[in-house]
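Data first, discussion second: the structure below is written as structure tokens.
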Amino acid sequence: MLNRYPLWKNLLILAVIGLAFVFAMPNLYAPDPAVQISGESSAMELDQAVLDRATKALEEAGIEHFGETVNPKNALIRLHSSDDQLPAKRTIQRALGDSFVVALNMASTTPDWLRSLGAGPMKLGLDLSGGVHFLMEVDTASAIAKRQESSLTEFKSKLREERIRYVSVEFTEAGAIEGVFRSAEDRDAAAAIFRKEFQDLTRESVDNEDGTFTVKATFSETAIREIENYAVQQNLTTLRNRVNELGVSEPIVQRQGRNRIVVELPGVQDTAEAKRVIGKTANLEFRLEAKPSDLVTNKESFEFRSELDQRRFGNAELERALIISGDHVSGAQSSFDPETNQPQVNINLDSAGGTKMHRATRSNVGRRMGVLFIEYKTRLDRTTNAAGEEVVTPRQIVEKKVISLATIQSALGVQFRITGLDNVAEASELALLLRSGALAAPMYFVEERTIGPSLGAENIAVGVLSVQIAFALVLIFMLAYYKVFGIAANIALAVNVVLLAACMSMLGATLTLPGIAGIVLTVGMAVDANVLIFSRIKEELANGLPTQSAINAGYERAFTTILDANITTLIVAVILYAIGTGPVKGFAVTLSLGILTSMFTAIMVSRMIANFIYGGRNVKKVWI
Amino acid sequence: MESNKVINFMGTRLIATLFSALLLLGSVGSLVVNGLNFGLDFTGGLQVEVEYEHKADLEQIRSTLSEAGYVNVVVVNFGSDEDVLIRMQLDFKDGIGEEVLRHLTAVEEGEITLKRVEYVGPQVGEELRDQGGIGMLFALVVVMAYVAMRFQWKFAVAAVAALAHDVIIVLGFFSILGVGFDLSVLAAILAVVGYSLNDTIVVFDRIRENFPVLRKTESVDVVNVSLTQTLDRTLVTSGTTLIVLVVLYMYGGELLSGFSSALLVGIVIGTYSSIYVASNLLLGLNIVKEDLMPPVKEGAEVDEMP
């Protein structure tokens, strides 16, 4: 029989619609403004006592709160209004002290049964939720240079180990390592070292006319790409750790392109604090104090970090060779020295670092060991090029200063502490930097955006309002123009919006303002498929086809048109998604999902409704 | 609707060609002479949003800031009389928002609130501009391949040429009016590509369907019949989309105004081009019945000979 779906098909469509409603539902529950408390280090556990202290402070300050929860990792206190968030944060921070991180958060109010199904609300983009956006560029060139330099040093020491004599070993302009030898045998032995130890280098041997012999090793394009990738990846991990330390809910730390990293911190308003923590590039080096008898080439002179120490002691002389660097640090906590009540940092090393530290300190008890704090800073140099354009080039400055110079009392192992820090804040910052790991290459900020929370709320209000008005107008128009079929189209359209919301929630797509624009546009364009079908039905009726056949022909014949038209648009949307960033991407996501869902609703859902109304009966006249 | 009445769209072919040519010429000319007024997304710079207690005096803000030594300052109302958006080409540094605010509060009686400080790096803009351009080209190539595969190469060429026509005219519109061209406008233009393509394909689909079945011999007649048949749908869809965009333009706030105006222009142009430009081009490429006849076996053809 024409225009009847089999039962299974109807049930299937209804099931999809039902699921869509369930998964779209969490978006109806507005999240509560909240304050989140977490320990300063990930090892720290929170308990009821901490929460009680925080709530007591809030009560004293007269800030209303409810729905407190605590688990070992963090505590959450819900507030009635987002205006209370900042005062509440300040109050709690003052009450708990610096060993806790207090951050603004939005607490989900999705009922448990929905959450147990894995349903959650759509994530809101920064433009809707407020927060900061940073774009950072990793200076991969310096990572490559560092790697090349270390290869050069390593190669030289290998040559010395193997007792191969060389005329010169140095860098060429093109970034190759060039070794010049007196005999072909020496050169070939050196080439063998390259082959064995430096497999990512491509070698080339030349017999020079002046009787010397050269081997030249260059980093291949793939090797350089690998170094770059490693540097960006390592920085990404480090940044993630640092951002986690900030206690922000749902941060985004993402690689973008070849050497850029995007950091988005929803809810964060204090840009300076965020920048200080994530932008910091620091490392430590542990070195023995040089003996007065040491050769000048083996020692280096450094200033103290604290001005007081600098005035008291003057520069410190340290050995050039380092015992270990900060890369071997696996854990660090700030605390107080029980005897002097001075701030200190307790350090844990990994096993390789522990072994090296033990070996170096065992034979040097009584000597002093210096802890060197290394900070990479970026200066932007401005020059004008030949074309008269201003060119900004980032320049790295390395600052090395001594934090502490302490006598080694006994052999150190995997655990020891650093004293000599100025204050608690410095101790906790150093601990944080050591914990969150070292950066493989320096980074600098390319872009910064802050969006206020009230502006975000305004954006949402504006977006929702325009969706509602547009939606209502389209519904009225369709009903007036297509009458009974207008009902089918309108139900399909409503299902389409729900389905779109469900898809976005399930995929964890982020809703942005351009995304809302995409939804609005989808609403406008989603009727197209139905319009195609209905105008076809009208045509077929005018051609004299009986009603049931006309309806059937309308849906059947319009199908290929809908398919071709939507696939071409989908191609554009997918390409947009692939190349786009930020707003373009947000728009592309909603547009492409919207095309898919509108195809389903316009073809299947609308037909199902048309079937319910007209299908399987003897209909004289279709009201269209 | 009378089904046998065919509107002679292609009767005005020449006028349409002339009209399109004029629009294109004007757009390209303006693009060459004026260029596009690239927003901060592309040029890089600082964007500060402040809220005054009373109606803000834009002229005063402008003079205050230029006296303070800022260059290329653009001051506009943003949403309401109290909200002001200040844009300038300035390099990023910490605390710049507060600095601007200090200059403003010095000459203003009431309270001024700093709502947003945004810095956009120029390099990013350049990269995105290149990416956007390459992306658009790539999209066109893929679309062309798809249409050539599903239809026939003449359709692919006509569809893509019509698209280029639309994009150039929308760009020209922005160039002539000097409206800020930012990323959301770029997104809108890409949406225009999607929409106009959608429209063109619907018309082409009908032409493809009609060629083998209609007994008309003249291609122009087939195109006219197809356009008439799809006119109802073309107008309804453009209508609903325009309703939505007008709402977006009116209520979507300043942030979406560029987006919605680009799309409004794009959809009007896209609708016009799917009727007059795409089909016109198809005729220009000398599309004939044989282009769309399903390949028939030689024997069958002989059998039908009288």
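Between B:VAL202, B:VAL167, B:VAL247, find the one with the highest GNM mean-square fluctuation for chain B; connect C-alpha pairs within less than 10 Å. Result: B:VAL247 has the largest fluctuation of those listed. For the stretch B:45-120, the dipole from Cβ point charges (+1 on Lys and Arg, -1 on Asp and Glu) about the Cα centre works out to 320 debye, to the nearest 20. A straight Cα-to-Cα reach below 29 Å connects A:LYS9 with the lysines A:LYS483, A:LYS538, A:LYS620, A:LYS621, residues fewer than 8 places away in its own chain not being considered. Each distinct pair of alpha carbons in chain A adds a 1/r term; the inverse of their mean, the Kirkwood radius, is 30.1 Å. For the stretch A:193-205, putting each phi into the Karplus relation 6.51 cos²θ - 1.76 cosθ + 1.60 with θ = phi - 60° gives couplings of 4, 4, 4, 7, 9, 10, 6, 8, 9, 9, 9, 8, 10 Hz, in residue order, rounded to whole numbers and with x for Gly and Pro. Against chain B, whose longest principal axis is taken from its Cα atoms, helix B:153-177 shows a tilt of about 30°.
Under a Gaussian network description of chain B, with springs only between Cα atoms under 10 Å, the residue in B:ALA162, B:ALA262, B:ALA21 that fluctuates furthest is B:ALA21.
Cross-link partners of B:LYS289 among aspartates and glutamates, defined as those whose alpha carbon lies under 13 angstrom from its own and excluding same-chain residues fewer than eight positions apart: B:GLU209, B:GLU218, B:ASP221.
Here A:LEU322 and A:ASN385 are evaluated by their C-beta separation; at R0 = 60 Å the FRET efficiency comes out at 0.90. If you take the Cα centroid of the stretch A:118-197 and the Cα centroid of the stretch B:187-250, the two points sit 58 Å apart. A cut-off under 14 angstrom between Cβ atoms defines the neighbours of A:TYR555, and their net charge, with Lys, Arg +1 and Asp, Glu -1, is +3. Legend: calculated FRET efficiency, A:GLU161 to A:ARG367, from the Cβ-Cβ distance at R0 = 25 Å, rounded to 0.05, equals 0.35. With bins 10 Å wide beginning at 0, the percent of Cα pairs of the stretch A:141-221 falling in each bin runs 19, 57, 22, 2. Here the protein assembly as shown is treated with +1 on each Lys and Arg Cβ and -1 on each Asp and Glu Cβ, and its dipole about the Cα centre works out to around 2400 debye. A dipole drawn for the protein assembly as shown from +1 and -1 charges on Cβ atoms has a positive end, and of A:VAL572, A:ALA176, A:LEU430 the residue lying farthest that way is A:VAL572. Less than 5 angstrom separates the built amide H of A:GLY331 from those of A:ASN348, all sequence-distant by 5 or more or on a different chain. Of all lysines in the structure, those lying under 30 Å Cα to Cα from A:LYS89, and not within fewer than 8 positions of it along the same chain, are A:LYS56, A:LYS73, A:LYS123, A:LYS275, A:LYS280, B:LYS93, B:LYS115. Taking label points 7 Å from Cα along the Cα-to-Cβ direction, A:ALA411 and A:LYS621 give a separation of 10.4 nm. Residue by residue, the stretch A:214-223 carries 3J(HN,Hα) couplings of 10, 10, 10, 10, 10, 6, 6, 4, 5, 4 Hz when phi is fed to the Karplus relation 6.51 cos²θ - 1.76 cosθ + 1.60 (θ = phi - 60°); x denotes Gly or Pro.
Extension gain for A:GLN468-A:PHE313 works out to 48.6 nm (0.36 nm per residue, less the C-alpha to C-alpha distance). In chain B, a dipole from Cβ-located charges (positive for Lys and Arg, negative for Asp and Glu) runs towards its positive end, and of B:ILE201, B:GLY178, B:THR43 it is B:ILE201 whose Cα lies farthest in that direction.
Where a number appears in this text, it was derived from the coordinates with a stated rule and is not lab data. As the structure is a prediction and not an experimental result, all values here were calculated from the model. Glycine also receives a Cβ, built like all others from the backbone with ideal geometry; neighbour counts cover every protein chain displayed.
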